[in-house]
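Contents: one structure, followed by commentary.
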C-alpha cells in the first residue's frame, strides 16, 4: 500500500504543504524499499537538511497503527518557525478553552516548540505555558535536548510566585518522533495529540497533524498503546545508537 493524498493548492502555504508532503512520501517509500538495513550518508543528510531514516521508521510504525487511509484523512498544517506564534497555543485554546478543569490536564512536550534559535517565539511559548497552563494547576512534562530551558522556566515562575513547576528532562540525543500530548483524565476521549512529521533543524517549515483519543478509537487504535509507541521514541536505545554510529538504520517490519 502507499500514502495517497491530494493537496488542494490555493495559496503559497498550500504549495509548501504539498512540497513537504511529497518529500515525506518519498522518504516513506525509500525506507520500505531499502529495508532491512538502510545505509545513509549522515554528514550529507545533516548538511542538506534531510531527515534520517530513523525518523521515517518511527512514523511508519505510527501510520501502521492508524492505518494509511485514516492517516491520509488527518488535517495537515504548516508550522513556520519564523512566526512568533506556535500552533500549539491555538489548538490548546480552541480545543480545551473553558471546557476542561486545568487540574485534570497533563501536558507532555517532546518536540521543538521551545526552540532556542527563535528567541521571540520561544519567549512567547514560555509565557503561554507559564501563564495559561502551569499557573492554572496543569502538570507539564517536557523532554528536550536544551539544558537551558529549565532556567528560563524558573525565572518566570520565581517572578510569579505561583503555579506548578514543569518536570523537565534533558535527553542526549534528538527525539525521532516529535509530539505534544494533552491528556484530560476526566474526558479521555477529548485528549489531544499533536504530531510533527519528520524534519530537521535546517528547515523552518514543518508539517503537523493532530487527532484526539476519540478519533484513535474510531481507527480501532487503542490510545494507551498509541501513546506508548510515541513515548518509546523519547530515548534512544543502545542498539540504535550503535547502528547510527555507522550510518545505519534497521527496519524489519
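The values are calculated or read from the model by the stated rules, or taken from the named source; none is laboratory data. Fair warning: this is a prediction, and the values are worked out from it, not measured in the lab. Here the Cβ is made from the backbone with ideal geometry for all residues, glycine too, and neighbour counts use every protein chain on show.
For residue 112, the conditions (1) in contact with a helix residue (DSSP H, G or I) (Cβ under 8 Å, 6 or more places away or on another chain); (2) assigned to a loop (DSSP other than H, G, I, E, B) are fulfilled apart from (1). Report, by residue number, each residue of region 1-31 that is in a helix (DSSP H, G or I), surrounded by fewer than 16 Cβ atoms within 10 Å (Cβ to Cβ) and within 23 Å of the chain's Cα centre (by Cα). If the condition is that a residue be in a helix (DSSP H, G or I), surrounded by fewer than 16 Cβ atoms within 10 Å (Cβ to Cβ) and within 23 Å of the chain's Cα centre (by Cα), then 13, 14, 15, 19, 22, 25, 26, 29, 30 are the ones that fit. Of everything in region 203-219 that is modelled with pLDDT of 95 or more and not in a strand (DSSP E or B), the residue that is surrounded by the fewest Cβ atoms within 10 Å (Cβ to Cβ) is 218. Examine region 230-241 for a residue that is within 29 Å of residue 102 (Cβ to Cβ) and either touching a helix residue (DSSP H, G or I) at 6+ places or on another chain (Cβ under 6 Å) or exposed (fewer than 13 other Cβ atoms within 10 Å of the Cβ) (or both), and state whether such a residue exists. Yes, region 230-241 contains a residue that is within 29 Å of residue 102 (Cβ to Cβ) and either touching a helix residue (DSSP H, G or I) at 6+ places or on another chain (Cβ under 6 Å) or exposed (fewer than 13 other Cβ atoms within 10 Å of the Cβ) (or both). In the set (1) assigned to a loop (DSSP other than H, G, I, E, B); (2) surrounded by 15 or more Cβ atoms within 10 Å (Cβ to Cβ); (3) modelled with pLDDT of 95 or more, residue 51 fails one condition alone, (3). Considered as a group, the residues in region 163-180 that are in contact with a strand residue (DSSP E or B) (Cβ under 7 Å, 6 or more places away or on another chain) and over 30 Å from residue 48 (Cα atoms) include one that is modelled with the lowest pLDDT, and that residue is 164.
When residue 56 is tested against the conditions (1) assigned to a helix (DSSP H, G or I); (2) modelled with pLDDT of 95 or more; (3) surrounded by fewer than 18 Cβ atoms within 10 Å (Cβ to Cβ), the lone failure is (3). All conditions but one from (1) surrounded by 14 or more Cβ atoms within 10 Å (Cβ to Cβ); (2) under 21 Å from residue 182 (Cβ atoms) apply to residue 68; the one that does not is (2).
Exactly one residue among 82, 137 is touching a residue at least 60 places away in the same chain (Cβ under 8 Å), surrounded by fewer than 18 Cβ atoms within 10 Å (Cβ to Cβ) and out of contact with any strand residue (DSSP E or B) (no Cβ under 7 Å at 6 or more places or on another chain), and that residue is 82.
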